[in-house]
1. For the chain, modelled as a GNM with alpha-carbon contacts under 10 angstrom, which of Pro315, Pro89, Pro148 fluctuates the most?
2. In the neighborhood of His219, defined by Cβ-to-Cβ distances under 10 Å, what is the net charge if each Lys or Arg adds +1 and each Asp or Glu adds -1?
3. Could you work out the longest stretch of the chain that avoids the GluC sites (Glu not before Pro) located in DSSP loops with at most 14 other Cβ atoms within 10 Å?
4. Which entries of Lys80/Lys183; Lys175/Lys330; Lys175/Lys252; Lys68/Lys320 have Cα-Cα distances beyond 21 Å here?
5. Angle check, please: helix 289-299 long axis (alpha carbons) against the longest principal axis of the chain (alpha carbons), in degrees 0 to 90, nearest 10.
6. Between segment 320-335 and segment 209-229, what is the separation of their alpha carbon centroids in Å?
7. Which of the trypsin sites (Lys or Arg not before Pro) found in segment 136-178 are in a DSSP loop and have at most 11 neighbouring Cβ atoms, other than their own, within 10 Å?
8. Rounded, prolate or oblate: pick one for segment 239-356, where a ≥ b ≥ c are the square roots of the eigenvalues of its C-alpha gyration tensor, a/c under 1.5 means rounded, and failing that, prolate if a/b is larger than b/c, else oblate.
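The values are calculated or read from the model by the stated rules, or taken from the named source; none is laboratory data. Not measured: the values here are computed from a predicted model. Backbone-built Cβ (ideal geometry, glycine too); neighbour counts: all protein chains shown. In case anyone asks, the SASA skips ligands and DNA or RNA and just uses the protein heavy atoms, side chains included. Shrake-Rupley method; radii C 1.70, N 1.55, O 1.52, S 1.80 Å.
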Amino acid sequence: MTFFENSAWQGHESIHHFHDPHSGLKAIIAIHSTALGPAAGGCRMWPYDNEAEATRDVLRLSRGMTYKNAMAGLPLGGGKAVILSGIEPPADDLFTVFGRCVESLDGRYVTAEDVGVTMENMRQVKQVTDFVAGLPSKDGSAGGDPSPWTADGVFLGIRAAVQHRMGKTSMDGLKVAVQGIGKVGYDLCRQLHSAGVELVISDVNEQRLQRAREDFGAHVVAPEQIVFQEVDVLSPCAMGSILDADSIPDIKAVVIGGAANNQLATEEDGQRLTDRNILYAPDYVINGGGIISVSMEYMGDRSAADVHTQIAHIPLRLDKIFAAASKQQKPTNVIADIMAEALVAEGASDLPVSQQ
Ligand code: NAD
């Protein structure tokens, strides 16, 4: 099979490989689509086992960004970057070198932080390119760390899914299992706790677990048990592909909604969830809060209030997806893909920010 026949290519416009022996940078930037605007998506730094794994990850994530940005109503296409990290700590200039790689694409790709990358790293990128967002913001302005905005959208999305599947308008007394108490997971737990939710959590980082246990009275379970807890809602906020043919039969939650990208191992897993009457909030719709904030920062002159307004559309879009899925008897992930592909084909995202 040739590279172009590989299904992982999935309609990408271009894929760029960068290697700088001096800093040790090895990065891949995938541009899935610029139909709606510059391809925007975060940069992930991860100790991939090999280049094939990194390529698979970046391709799947960049395609997801096209769909996410379209469904979030943003005038942006989809792209993603991965940096292959090694055992050594990163070189001091790693992110300036990465910034030059971004600059070389002449605005076709706009970067921001993702897993393993910080706002400080993005500040280094900014020294050499303007095609970057997710930088420290002034009080009241859009931007900064996207994670709290992502958590806001996930919270609102879970509430909408609970109402649709369980007929409950209040979260008080519900039980939610959160996998991954990182930047998004912790903030989501805070909001769920305030809403009267009983929390079950897991993480591979003991310090994070302890903090959430103390702050929210959360019950801690082992990482391999979190998906199978006796709860109303499962919220995956760690890494992807946790919903598959092996895990789905034993899930007890009736709603799934979380921040992690690519929660379904394969598209067919959406049907498996539907067959079990588990309502799945498509990941790239429910976790769009961060990119909404990042894009408003990038476009300039937007306030935090504007970001809130736009994030409030997330539960409305989910309602549309849930209603269409019920009516057409199709899984929610399939409905979301159909909607996103239609928006990209029309060359218009859902609710253009400029018309807000
Ligand atoms: P993070 O790195 O801050 O947190 C991830 C947490 O998951 C960490 O605490 C880590 O220890 C934990 N973890 C890793 N493997 C685990 C396992 N097997 N079981 C339990 N916990 C495990 O990342 P984040 O920014 O909070 O993002 C979480 C997820 O949401 C990622 O998949 C990310 O791509 C996605 N996402 C994040 C944003 C954002 O704004 N940060 C936006 C959209 C999507």
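1. In the Gaussian network model the winner is Pro89.
2. Numbers: positive: Lys175, Arg213; negative: Glu198.
So the environment of His219 carries a net charge of +1.
3. Numbers: sites that count: Glu224, Glu230, Glu267.
Value returned for the longest uninterrupted segment is 1-223.
4. Details: Lys80/Lys183 19 Å; Lys175/Lys330 27 Å; Lys175/Lys252 11 Å; Lys68/Lys320 15 Å.
Checking Cα-Cα distances, Lys175/Lys330 exceed 21 Å.
5. 30
6. 32
7. Values: sites: Lys138, Arg159, Arg165, Lys168, Lys175; in loops: Lys138, Lys168.
Those that pass, being in a loop and sparsely packed, are Lys138.
8. Working: a/c = 2.32, a/b = 1.79, b/c = 1.29.
Prolate, because a/c is 1.5 or more and a/b exceeds b/c.
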